[in-house]
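Chemist: Here's a structure for you.
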Amino acid sequence: MIDGLLREISEILLPEKNTCLVCGYKDPYINTSYICLHCESLLARLEGILCIKCSKSMANDGDLCGDCVKMEKVFDKSLALFQYRDEAKALINDFKYHNKSYLYKVFGFQMVKFLKDIDLTDIKAVVPVPVHKAKELKRGYNQSELLASYISFNLGLPMLKLVKRNKDTTPQSRLEGYARWNNMAGAFEIDKGVPIPDKILLVDDIYTTGSTVNECSKVLKKWGADEIICLAIAR
């Protein structure tokens, strides 16, 4: 009887449990993954030959993609779960631009599972990529911080807001290629009141050229980080 009462209370406090937050389908197997098997199957995963530095898909065997050969990256490795296209792109855009902040639970669950699957367990702290205060105020949340908080809680790691954005840059989605790198140059600084751990998981929503996480990595390494692994929902 007590177990039944606790389950009823849990359903009241956590009504999203067993519910797909994408399509609304309900089934006990969904539990706290917040996505049904059908909707998950529509998210194209990164597979095949990937660059060992930035996880870009490559046609032929080799360690580094052409982008990483031409431009050295400061971070040690960047990982992503999905290809930024079709259903994954639409869902991320809903999460980021259409006030569906609750989708952090869907993506956060997938990210935690991914980290466990590859046995990335020696991270010292989870750090979100910041957005400018004006953008965060307008949107109501920082999507990367929501993801980082979920990962932090579920892996028992501290989440540290070590990096601050010191200028309101043009949205990266409006720019292409090297313009993204120029746009991000000098955009970040460190919160100098917080000690910098030696191995950091830097969390962002999308990896395109890598300019954003690279600039964050620059300031983190300048102030003491030894190794930075970047993690994005998609690239």
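Chemist: Would you pick out the residues in the stretch 160-181 that are at pLDDT below 75 and either loosely packed, with under 13 Cβ neighbours inside 10 Å or in contact with a Pro (Cβ under 8 Å, 6 or more places away or on another chain) (or both)? Give the steps one after another, and end with the answer.
Modeler: Within the stretch 160-181, the first condition is being at pLDDT below 75, and the residues that meet it are 167-181.
The answer is Lys167, Asp168, Thr170, Pro171, Ser173, Arg174, Glu176, Gly177, Tyr178.
Chemist: For the stretch 46-79, what are the residues that are out of contact with any strand residue (DSSP E or B) (no Cβ under 6 Å at 6 or more places or on another chain) and among the charged types (D, E, K, R)?
Modeler: Glu47, Lys53, Lys56, Asp61, Asp63, Asp67, Lys70, Glu72, Lys73 - these are the residues of the stretch 46-79 that are out of contact with any strand residue (DSSP E or B) (no Cβ under 6 Å at 6 or more places or on another chain) and among the charged types (D, E, K, R).
Chemist: Now a separate question. For the condition of a type in the set (Ser, Thr, Tyr) and either surrounded by 16 or more Cβ atoms within 10 Å (Cβ to Cβ) or touching a residue at least 60 places away in the same chain (Cβ under 8 Å) (or both), what is the one hit in Tyr104, Tyr97?
Modeler: From the options Tyr104, Tyr97, the qualifying one is Tyr104.
Chemist: Going through Leu147, Leu157 one at a time, which residue ends up being of a type in the set (A, V, I, L, M), assigned by TED's automatic domain parsing to the domain that holds Ile229, surrounded by 16 or more Cβ atoms within 10 Å (Cβ to Cβ) and touching a residue at least 60 places away in the same chain (Cβ under 8 Å)?
Modeler: Details: Leu157 fails: touching a residue at least 60 places away in the same chain (Cβ under 8 Å).
After applying the criteria, what remains is Leu147.
Chemist: While we're on this one: Looking at (1) surrounded by fewer than 13 Cβ atoms within 10 Å (Cβ to Cβ); (2) at pLDDT 95 or above; (3) assigned to a loop (DSSP other than H, G, I, E, B), which one does Val22 not meet, given that it meets all the others?
Modeler: (1)
Chemist: Can you spot a residue in the stretch 86-93 that is in contact (Cβ under 8 Å) with a residue 24 or more places away in the chain, over 15 Å from the mean Cα position of the chain (by Cα) and assigned to a helix (DSSP H, G or I)? Working first, answer last.
Modeler: Keep residues of the stretch 86-93 that are in contact (Cβ under 8 Å) with a residue 24 or more places away in the chain, which gives 86-89, 91-92.
Restricting the remaining residues to those that are over 15 Å from the mean Cα position of the chain (by Cα) gives 86-87.
If we keep only those that are assigned to a helix (DSSP H, G or I) too, we end up with 86-87.
The answer is yes; a qualifying residue exists.
Chemist: Of the residues in the stretch 204-225, how many are over 12 Å from Phe75 (Cβ atoms) and either in contact with a strand residue (DSSP E or B) (Cβ under 7 Å, 6 or more places away or on another chain) or touching a residue at least 60 places away in the same chain (Cβ under 8 Å) (or both)?
Modeler: Filtering the stretch 204-225 for residues over 12 Å from Phe75 (Cβ atoms) gives 205-206, 208-209, 222-224.
Among the residues that remain, those that are also either in contact with a strand residue (DSSP E or B) (Cβ under 7 Å, 6 or more places away or on another chain) or touching a residue at least 60 places away in the same chain (Cβ under 8 Å) (or both) are: 205-206, 208-209, 223.
Residues in the stretch 204-225 being over 12 Å from Phe75 (Cβ atoms) and either in contact with a strand residue (DSSP E or B) (Cβ under 7 Å, 6 or more places away or on another chain) or touching a residue at least 60 places away in the same chain (Cβ under 8 Å) (or both): 5 in total.
Chemist: I'm told Asp122 meets every condition in (1) touching a residue at least 12 places away in the same chain (Cβ under 8 Å); (2) of a type in the set (Asp, Glu); (3) not in a loop (DSSP other than H, G, I, E, B) except one. Can you identify the failing condition by its number?
Modeler: All conditions pass for Asp122, except number (3).
The values are calculated or read from the model by the stated rules, or taken from the named source; none is laboratory data. Just so you know, these numbers come straight off a predicted model, no measurement behind them. Please note: Cβ atoms are built from the backbone with ideal geometry, for glycine as well, and neighbour counts cover all protein chains shown.
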